[in-house]
1. Between region 203-259 and region 92-108, how many Å separate their Cα centres?
2. Is it possible to state the helix-based mean residue ellipticity at 222 nm for the chain, with each DSSP H run of 4+ residues giving -39500 (n - 2.57), the sum divided by total residues, to the nearest 500 deg cm²/dmol? What is it?
3. With a ≥ b ≥ c taken as the square roots of the eigenvalues of the C-alpha gyration tensor of region 261-361, please select rounded if a/c is under 1.5 and otherwise prolate if a/b is larger than b/c or oblate if it is not?
4. Please check which bits of region 332-352 a label hung off Arg183 would reach, taking the label as a point 7 Å along Cα-to-C-beta and the cut-off as backbone N under 14 Å.
5. If we restrict to alpha carbons, what Rg and Dmax does region 133-211 come to, in Å?
6. Name the trypsin sites (Lys or Arg not before Pro) in region 207-316 that are in a loop by DSSP and that have at most 16 other C-beta atoms within 10 Å, would you?
7. Assign unit charges at the C-beta atoms only (+1 for Lys and Arg, -1 for Asp and Glu), then state the dipole size of the chain relative to its Cα centre in Debye, rounded to the nearest 20.
8. Answer with one residue from Leu253, Leu74, Pro164: the one whose Cα lies farthest towards the positive end of the charge dipole of the chain, charges on Cβ with Lys, Arg +1 and Asp, Glu -1.
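The numbers here are math on the coordinates, done by the rules we state, and not lab data. Bear in mind the structure is a predicted one, so any value in this text is a computation, not a measurement. Virtual Cβ from ideal backbone geometry, glycine too; neighbours counted across all protein chains shown.
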Amino acid sequence: MESERVFNFSAGPATLPVEVMEKAQAEFVNFRGIGYGIAEASHRSSAFEEVIDGAEANVRKLLGVPDDYAILFLQGGASTQFAMVAMNLMLPGKPALYADTGAWAAKAVKEAKLFGEVTELYSGADSEFTHIGDATQWAIDQEASYAYICSNNTIRGTQYHFFPDTGDIPLVADMSSDILSRRLDMSRFDLIFAGAQKNLGPAGVTLVIMKKELADRAADTVPTMLKYSTHIDKHSLFNTPPCFSIYMVGLVLEWLVETGGLEEIETINETKSHALYEFIDMSIFYQGTAEPGDRSKMNVTFRLPEEELEALFVKEAAAVGLTGLKGHRSVGGIRASIYNAMPLAGVSTLIDFMADFEERHG
Ligand SMILES: *Cc1c(COP(=O)(O)O)cnc(C)c1O
C-alpha cells in the first residue's frame, strides 16, 4: 500500500505520518478493545477522556507548557481565532498591535477592527511580504491590549526566526503552519493558536494554548461558545468537540514524541529546508521568493523563468508522484510545503526532479 503513495506537498490539509494513519486504520472499527470505534464514542466516555487527556499531556510535554496555561481543542478553524482573540483580549480604549506579514495577518486585522482599534506594528507590504526582518527591534507600546503576529506565512513562505520582546504586553501568535516544528520558548507567548490541518493532523480542530488569566478579560457580552473561559472551565468539553480530529492529533503528537520531540524534528526540518534552499540558490533557473533571512522552513516558495514553465513543472511533477506543488492562487509560482510529516526522501526526490526538469527545460 505504502509504495503506491505519492509525496504530497500540499499546504493544507497536508501530508500525515503514514504510521499515524496505519495506527488509526488498525483501531478504527474497534478502538483498543472497547468493541466500537473512537468516532462512535461519547465525548464523555472514559475512552475519549483518555484520548483528549493524552493529547493535552503531550502538547505540554513537547512544548514545555507550564500549568498556568490552558490547552484547548476548539472548532471553527484558525479563522475563528482571528475574531476570538480580539473579542476576548481587547481592552477598552487600548489598541491592539498587529504585524502585517501577509494574507493571514491581514485577515486577523480585519476581524480585530470589529472589536477595537488596531495599530500596525510592522508592515511587509513594501517588500511584497517577502521580508520580516528583526522583530526583536520593534518598539512595543506598553499601553496596548496585546501584540499579534503570524509566525509563518504559509502563502509567501516567510517565517519569524526572532520574536518581538513585548514586555508586559501579551504576545499572541497564529502558528497554524509551523506549530511544533521547532523548539519554542513558551514564556515569550501568552496565546498561541493553530488550525490542525498543516502540522498537527486532519482539519476540524484548532489547538489553543493560552495563559488562563487572559480569559478573565472577556466582557459579559461575548457569546458563550466564543469565550475562552467557557472552554477552559469545561476542559474543551463544554459541547461536543471534534472527537475524531482530536484523536488523530493525539496520534500525531505521540509520533512526534517517538520521533524524539521538538529538538529532533527541528533538526530534521532544518535538514530538509536547507537541502531545498541550497539547491534553489545554486540554480539560476529557480528563484526563491522570500528574503533569505526570513525564509520559511515549512513552505518553500520559488519561481521559474516563465509561468508556462511553472504550469508544466506542476504537471510533470504530479506525473512522477510529487503533488500539491502549485503556489497559492493569490501569488502564483511554486510552493513546496514540507511540514513535519514530509519525509527527507520526499525532499530529495523533489530536488532530483527539479534538477532533471531544469536540464530538460532550462
Ligand atoms: C491555513 C491558515 C489559516 C486558516 O486556517 P483555517 O483553519 O482554515 O481557518 C490561518 N493562519 C495560517 C497561518 C494558516 O496557514
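1. One Cα centre to the other: 22 Å.
2. Mean residue ellipticity at 222 nm (helix-derived): -11000 deg cm²/dmol.
3. Because a/c hits 1.5 or more and a/b exceeds b/c, region 261-361 counts as prolate.
4. Backbone N within reach: none found.
5. For region 133-211, the Cα-based Rg and Dmax read 12.8, 39 Å.
6. Passing sites in region 207-316 are Lys234.
7. The calculated dipole for the chain is roughly 820 debye.
8. Working it through, the farthest residue towards the positive pole turns out to be Leu74.
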